[in-house]
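Report on one structure; see the data block that follows.
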Amino acid sequence: MAEKLLSRYEELKAQINFHNYRYHVLDAPIISDLEYDRLLNELKKIEADHADWITPDSPTQRAGAKVSEKFEKVRHPAPILSLANAFGGDDARAWLERIKKLDDRVEKAKFVVEPKIDGLSVVLHYRDGQFVQGATRGDGEVGEDITSNLRTIRAIPLRIPVDSKGPKPPSYLVVRGEAFIPIQDFEKLNKRLEEAGEKTYLNPRNTAAGSLRQLDPVLTASRPITLLVYQIVHSEGGKVPTSQWEILEYLKSLGFPVTDISKRFNDLEPAIAYTETFDKGRDTLPYEADGMVIKIDDLTLAADLGFVGKDPRGAIAFKFPAREVTTTLLGIDAEVGRTGVLTPRASLEAVEIGGVVVRNATLHNFDYIAEKDIRIGDRVLIKRAGEVIPYVIGPVVDARSGKEKKYKPPTKCPACGQDVEHIEGEVAWYCVNAACPAQLVRNVEHFVSRGAMDIVGLGIKIVEQLIEAELVKDVADLFTLKKSQLLGLEGFAEKKAENLLGSIEQAKGQSLNRLIVALGIHGVGEVMAGDLARTYGNLSALSKTTTDELRQIEGVGPNIAESIVDWFARPANQKLLKKLKSAGLDPQMKADEKKKEGAFTGMTFVVTGTLPNFSRDDAKEFIESNGGKVTDSVSKKTSYLVLGENPGSKFEKAKSLGVKIIDEAELKRLTG
Ligand code: IVH
């Protein structure tokens, strides 16, 4: 009887570990959560009656006891090496040239490309298929024993092979991998913490490293850490493959999680090309990667090539430009925006991120500074990724000296000295002084910008000069400027004054669309301005509209409708419109431009990527002249996505929403 129960116990352990692997490693479960729980409960019941049967590979033994004070040291069976860096294809080619000179076999070498995950390097020991010990990399010779923490990671098999059909591993096998938190899980974790009013984490890497190096495994178990393995560090009592590609396959067959984006190439060039596709597309990876690793496939050759210091010659890290760096927060200034919103801006000790020197970064809003407890003098982590403006992620608390100072948001506007106000329920602080010079500077800057009135030669410096000299008190004043006035300003001679007046004069002929954009009504961008211009035909008609009428226009929601009506209701703005009109600015939309009818009437288009013949503006004009509408973002309402080369995320979005996708030729064909 007991014998039968014992064999059932063994069977249950194997089954649960297998289903665990299907779920956490392969991401392809074959039983439901309910069935899984049933198996687990049956196992737990047996263990409750037979505590002496419990072995370390039981799935119930993942979160064990606390480590007393500090971690024991573990000597690695072989050095845990690092990697030399290559910054770009030429560095990688130079690497190959160097090693070609050392060994003739390199000429015919194959290469394996793997992701270089930004996590924590870990070393896992298996004896007779059982996971017995796990360590950090430490100094490469000696690491720390974090076995109990690693056991909580469900992607780590407690016994190999996980699938009984897998190969029998050597009696002693030591593998190496990278432990990390996937980006989505990290975001979920932070969201949960935020909702619970707790402090959020800085980034996936630090969180994973911190979680694995703390003393209570129960805490580690609560963090969504996973792992990918890529190396056999040591083996005894059994054979293992001698090429990197086969090692990856072999580790997979034992039940280890192995990356599925690695590839083998016969030459370096295609390996570099593959690597470069990830440089551009790194946001498509589910984890943070700081590069790709290019490895000589033949491990005997790689070993014979030896190392330089701790870097093996047989592999190279092809690094992507960094996106996160730490630097010192020197101070915080508040900037006043066009609408009077005060935005805190970090001034930083200059630091390079991805080839650009960064001295300033946004801190989003004043609540953010308080929530993250960011102090002046702190070492702060800065992120600059893609098109996002650099921002401060948070302080490196461990680097504090105690001299850092807490920051108090300003109570007066830094530009005009008047009190600032806070609207209940909003995070923003406002300067409500309509005559605030900083707001006026931003307003004029927007009015003259390229997407608006496009007044060439009127940069921020001159705008500031004009406002300081009180020549410009609102945007309409630009159009009554006189040459004599300009000549009184520093740096202005005849020619410069004439040129500026010339481009201002020219701007009087700008279209209604542009003038509407230039007014800077909250929520009204280029696309909306076009719709408003076509619907109303001139500013006078638009100023008399109602929210109900505006809501008839596609894309106008209640907030924007209200914001438009509000803008025109304000006496200061009515005065401004009068001034503009008497200065000669009252553009009318010609009747034939009003609401074009055509093959595309009622359809909405989004353009992404580079088209073969059309520029963006050409495409827009073509679509609009056929009665269609062009918007910036893909939604369910989008009729067509026009796809060009190197498309952005809009392509993915369109696919996921099932939006019809066409190319330039098809677009032209649609008009007949
Ligand atoms: S190979 C000889 N492969 O990058 C083996 N490293 O500076 C040398 N890493 O500390 C390492 N993904 O933590 C290798 N696919 C990968 C990797 C990888 C991440 C980390 C590893 C190492 C660092 C190299």
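The values are calculated or read from the model by the stated rules, or taken from the named source; none is laboratory data. Keep in mind that this is a model prediction, so the values were computed, not measured. FYI the Cβ positions are ideal-geometry reconstructions off the backbone, even for glycines, and counts take in every protein chain you see. Accessible surface is based on the protein model in full, side chains and every heavy atom, while ligands, DNA and RNA are left aside. Shrake-Rupley method; radii C 1.70, N 1.55, O 1.52, S 1.80 Å.
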Selected from 612, 536, 87, residue furthest toward positive end of dipole (the chain; charges at beta carbon): 536
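Highest mean first, what order results for 541-550, 339-348 on Cβ atoms within 10 Å? Spell out each step's value before the answer.
On the way: 541-550: 14.9, 339-348: 19.1.
Going by the mean number of other Cβ atoms within 10 Å, highest first, we get 339-348, 541-550.
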For the stretch 471-534, with all protein chains present and a 1.4 Å probe, just round the carbon and sulfur fraction of the accessible area to a whole percent. 49 percent
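Sort the following peptides by mean Cβ neighbour count (other Cβ atoms within 10 Å, averaged over residues), highest first: 131-141, 396-406.
Numbers: 131-141: 18.0, 396-406: 10.9.
Ranking, from highest mean packing down: 131-141, 396-406.
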With a 1.4 Å probe and every protein chain left in place, tell me how much accessible area residue 298 has, in Å² to the nearest 10. 60 Å²
If I model a spin label as a point 7 Å beyond the Cα along the Cα-Cβ vector, how far apart are those points for residue 549 and residue 490 in nm? 4.9 nm
Report ³J(HN,Hα) in whole Hz for each residue of the stretch 139-151, in order, from the Karplus equation J = 6.51 cos²θ - 1.76 cosθ + 1.60 where θ = phi - 60°; Gly and Pro get x. 8, x, 9, 10, x, 9, 7, 10, 3, 5, 5, 5, 4
Which far-off residues, 5 or more places away or on another chain, put their amide H under 5 Å from the one on residue 289, with H placed in the peptide plane? 118
Heavy-atom accessible area of residue 263, protein chains in place, probe 1.4 angstrom, given in Å² to nearest 10, is 90 Å²
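For the pair residue 283 and residue 349, what calculated FRET efficiency results from E = 1/(1 + (r/R0)^6), where r is the Cβ-Cβ distance and R0 = 22 Å, to the nearest 0.05? Spell out each step's value before the answer.
Values: r = 28 Å, r/R0 = 1.27.
Given R0 = 22 Å and the Cβ-Cβ separation, E is 0.20.
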Calculate for the chain the 222 nm mean residue ellipticity that helices alone would give, adding -39,500 (n - 2.57) per DSSP H run of length 4 or more and normalising by residue count, nearest 500 deg cm²/dmol. -10500 deg cm²/dmol
Solvent-accessible area per residue for the chain at a 1.4 Å probe radius, Å²? 52 Å²
Given backbone amide H placed at 1.01 Å from N, residues whose amide H is under 5 Å from that of residue 231, ignoring those fewer than 5 places away on the same chain, are 176
Through the Karplus equation 6.51 cos²θ - 1.76 cosθ + 1.60, θ set to phi - 60°, convert the phi angles of the stretch 228-234 into ³J(HN,Hα) values in whole Hz; use x for Gly and Pro. 10, 9, 8, 8, 9, 7, 6
Accessible area in the full protein assembly, largest first, 1.4 Å probe, for 101, 252, 188: 101, 188, 252
Please report the net charge: other residues with Cβ closer than 11 Å to the Cβ of residue 78, K and R +1, D and E -1. +1
Distance violations [Cα-Cα > 23 Å] among 116/653; 13/252; 44/191: 116/653; 44/191
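Net charge around residue 113, counting only other residues with Cβ within less than 9 Å of its Cβ (Lys, Arg = +1; Asp, Glu = -1)?
Values: positive: 263, 264, 295; negative: 114.
Result for the neighbourhood of residue 113: +2.
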Counting sequence-distant residues (5 or more places) and residues on other chains, those with an amide H built under 5 Å from that of residue 644 are 608, 609, 610
Expressed as an acute angle from 0 to 90° and rounded to the nearest 10, what is the orientation of the C-alpha long axis of helix 89-102 relative to the principal long axis of the chain? 30 degrees
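Taking the Cβ of residue 502 as the centre, find all other residues whose Cβ is under 13 Å away and add up their charges (Lys, Arg: +1; Asp, Glu: -1). Don't skip to the end; give the middle numbers.
On the way: positive: 483, 495, 496, 508; negative: 494, 498, 505.
Result for the neighbourhood of residue 502: +1.
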Heavy atoms only, 1.4 Å probe, whole protein assembly: order 429, 53 by accessible area, highest first. 429, 53
I need the phi-derived Karplus couplings for the stretch 211-219: 6.51 cos²θ - 1.76 cosθ + 1.60, θ = phi - 60°, integer Hz, Gly and Pro marked x. 5, 7, 10, 10, 7, 9, x, 4, 5
Put 213, 192, 338 in order of accessible area, largest first, 1.4 Å probe: what do you get? 192, 213, 338
Using only Cα atoms and rounding to the nearest 10 degrees, what angle (0 to 90) does helix 33-49 make with the longest principal axis of the chain? 40 degrees
Round to the nearest 10 and report in Å² the accessible area of residue 640, as given by a 1.4 Å probe over the protein chains' heavy atoms. 30 Å²
In the chain, what cysteines have no partner Cβ closer than 4.7 Å? none
